[in-house]
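Colleague: Attaching a single structure in structure tokens format; questions to follow.
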Amino acid sequence: MKFTQRVSQVTPSITLEITAKAKALKSQGIDVCSFTAGEPDFDTPEHIKMAAKLALDQGKTKYGPTNGEMALREAIAKKLQQQNQLDYEAKNVIVTNGGKHSLFNLMLALIEAGDEVIIPAPYWLSYPEMVKLAEGTPVIVTTTAATDYKITPDQLQQAITPKTKLFVLNSPSNPTGSVYTPQEIRALAEVVVKNDIWVVSDEIYEHILYEGAKHLSIGAVNEAAFAKTIISNGFAKSYSMTGWRVGYLAGPEALIKAVSTIQGHSTSNVCTFAQYGAIAALESSQDCVQIMLQAFTERRKVILEGIRSIEKLSCPTPNGAFYVFVDISQTGLSSLAFSEQLLASHKVAVIPGLAFGDDRCIRLSYATDLDSIQKGLERLADFVKDL
Ligand SMILES: Cc1ncc(COP(=O)(O)O)c(C=O)c1O
């Protein structure tokens, strides 16, 4: 069977492959320590589930507006105004089937053949594939541990050509956990504005911050930056709502209308009663976010100490999200070989950095319980020692 050029140029997910192998071992009763999770291991907070249950009982089971329930769009606009200093109204917001879908919609609305999209590497693996699906050209800018895997204003400037349409910024970052400081964000905003390009700020991990790290949205830098900014966000990571599939895109009204046209002919509205859970997430107490953050803080300390005690492994201090990005290059193995051998011989599952555009590293998620983290670290240390 012949498929389109569009789909054949997309790289299948290495993450899914290794996760599937780990699951297969587990199903055979083998004790696997998995550091692969891209989602919090907590249940969705009870009050959010209650709100969705109530919505079901109240018959919120029909088609809804393509752009999302008005109450949710208003709650998101209020959140963006109050928490992020972004002057959006409901008309600037579209509710999508998760953050992934909001970014995908954006690429389809903004990018076409010939357009270049600047993506700093290591990157969240879907960004380049989405650009390719939209027939654009991903322009990968490699960053290193020396800058905590953050793109510098000079690097951004040098990557810009007359074809550049969009710059993808993700802070806190998956896979590195890096957080751009407000000063760094301001410097990048200056380059964006000077060159009149768009920036999409993927802020899905904005609440998962450590050691006093501050999240500044690039759109909040000044009016000129605001005019060139598009925000992508969602409920998955902050509220442990990965399976709910609720995210959003915020930006200039004309762009939201274009995205609405695409969504209107593809997915229509997001699951109506799930949106009521999202309203509760925004409008109720934010204690649940803090409780999860406390657990992540404790695990982060353990995992960083563990990694740093293993000779040949190193990583910069990640100030956000729930990942550590570990340099394994001193072992002499590629990230794929390291990950495959580690799983086969010591039953520890990690994601090879190759999936994120960096073959020198592996990604460990600490969205798992402390016991598994400790056991996994011991096995990892044994594995590296025996190499
Ligand atoms: C950086 C980043 N952006 C966006 C997403 C998409 O999240 P979701 O579609 O679950 O809302 C993820 C999920 O792993 C992510 O890590």
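The values are calculated or read from the model by the stated rules, or taken from the named source; none is laboratory data. Small disclaimer: the values here were computed from a predicted structure and weren't measured. Neighbour counts are summed over all protein chains in view; Cβ atoms, including those assigned to glycine, are modelled from backbone coordinates with ideal geometry. Just the protein is used for accessible areas: all its heavy atoms, side chains included, with ligands, DNA and RNA removed. Shrake-Rupley method; radii C 1.70, N 1.55, O 1.52, S 1.80 Å.
Colleague: For residue 287 and residue 242, what does the FRET efficiency come to when R0 = 25 Å and r is the distance between their Cβ atoms, rounded to the nearest 0.05? Don't jump to the answer; show the numbers that get you there.
Modeller: Numbers: r = 20 Å, r/R0 = 0.80.
With a Förster radius of 25 Å, E is 0.80.
Colleague: In nanometres, what is the gap between the two model label sites at residue 13 and residue 257, each 7 Å from Cα along Cα-to-Cβ?
Modeller: Distance between the two pseudo-spin positions: 3.5 nm.
Colleague: Could you tell me which trypsin sites (Lys or Arg not before Pro) in the range 170-231 are loop residues by DSSP with no more than 15 other beta carbons within 10 angstrom of their beta carbon?
Modeller: Filter output for the range 170-231: 214.
Colleague: Which whole-number value in Å² is the accessible area per residue of the range 289-365, probe 1.4 Å? Write out the running numbers ahead of the final one.
Modeller: Values: 2810 Å² over 77 residues.
It amounts to 36 Å² per residue over the range 289-365.
Colleague: Name the shape class, rounded, prolate or oblate, that the alpha-carbon gyration tensor gives for the range 13-120, where a ≥ b ≥ c are the square roots of its eigenvalues, rounded holds for a/c under 1.5, and otherwise prolate holds if a/b is larger than b/c and oblate otherwise. Mind showing how you got there, number by number?
Modeller: Numbers: a/c = 2.19, a/b = 1.29, b/c = 1.70.
Oblate is the answer for the range 13-120, as a/c is 1.5 or above yet b/c matches or exceeds a/b.
Colleague: Put 34, 27 in order of accessible area, largest first, 1.4 Å probe: what do you get?
Modeller: Reading off the accessible areas and sorting them downward yields 27, 34.
Colleague: Let me ask something additional. Give me the percent of accessible area attributable to carbon and sulfur for the chain, probe 1.4 angstrom.
Modeller: The computed percentage sits at 52.
Colleague: Here is a follow-up. Taking the Cα-to-Cβ direction at residue 183 and at residue 227 and moving 7 Å from each Cα, how far apart do the two end points lie in nm?
Modeller: 2.9 nm
Colleague: Assuming 0.36 nm per residue, please report the length gained on full extension of the stretch residue 62 to residue 294 beyond their Cα-Cα distance. Each step should come with its number before you reach the end.
Modeller: Details: separation 232, 0.36 × 232 = 83.52 nm, distance 3.81 nm.
Full-extension gain reported as 79.7 nm.
Colleague: Where only protein heavy atoms count, and the probe is 1.4 Å, what is the accessible area per residue for the range 1-128 in Å²?
Modeller: Values: 6700 Å² over 128 residues.
Normalised by residue count, the accessible surface of the range 1-128 is 52 Å².
Colleague: If you don't mind, another one. When the Debye formula is applied to the Cα atoms of the chain, each taken as the same point scatterer, what base-10 log of I(q)/I(0) results at q = 0.07, 0.10 Å⁻¹?
Modeller: -0.31, -0.65
Colleague: What is the gain in length, in nm to one decimal, between residue 140 and residue 91 on full extension, counting 0.36 nm per residue of separation less the C-alpha to C-alpha distance? Can you show the working numbers first?
Modeller: Working: separation 49, 0.36 × 49 = 17.64 nm, distance 3.28 nm.
Full-extension gain reported as 14.4 nm.
Colleague: With the convex hull built on the Cα atoms of the range 227-320, state its orientation-averaged projected area in nm². Walk me through the numbers on the way to the answer.
Modeller: On the way: hull surface 37.4 nm².
That works out to 9.3 nm².
Colleague: Moving on to the next point. Just want the answer: with Cβ charges of +1 for Lys and Arg and -1 for Asp and Glu, which residue in 328, 314, 267 is farthest toward the dipole's positive end in the range 194-331?
Modeller: Working it through, the farthest residue towards the positive pole turns out to be 328.
Colleague: Classify the range 164-277 as rounded, prolate or oblate from the Cα gyration tensor: take a ≥ b ≥ c as the square roots of its eigenvalues, call it rounded if a/c is under 1.5, otherwise prolate when a/b beats b/c and oblate if not. The partial results should precede the final answer.
Modeller: Numbers: a/c = 2.49, a/b = 1.22, b/c = 2.05.
Note, shape of the range 164-277 comes out oblate.
Colleague: Which lysines, if any, have their Cα less than 17 Å from the Cα of residue 375, not counting same-chain residues under 8 positions apart?
Modeller: 26, 301, 347, 385
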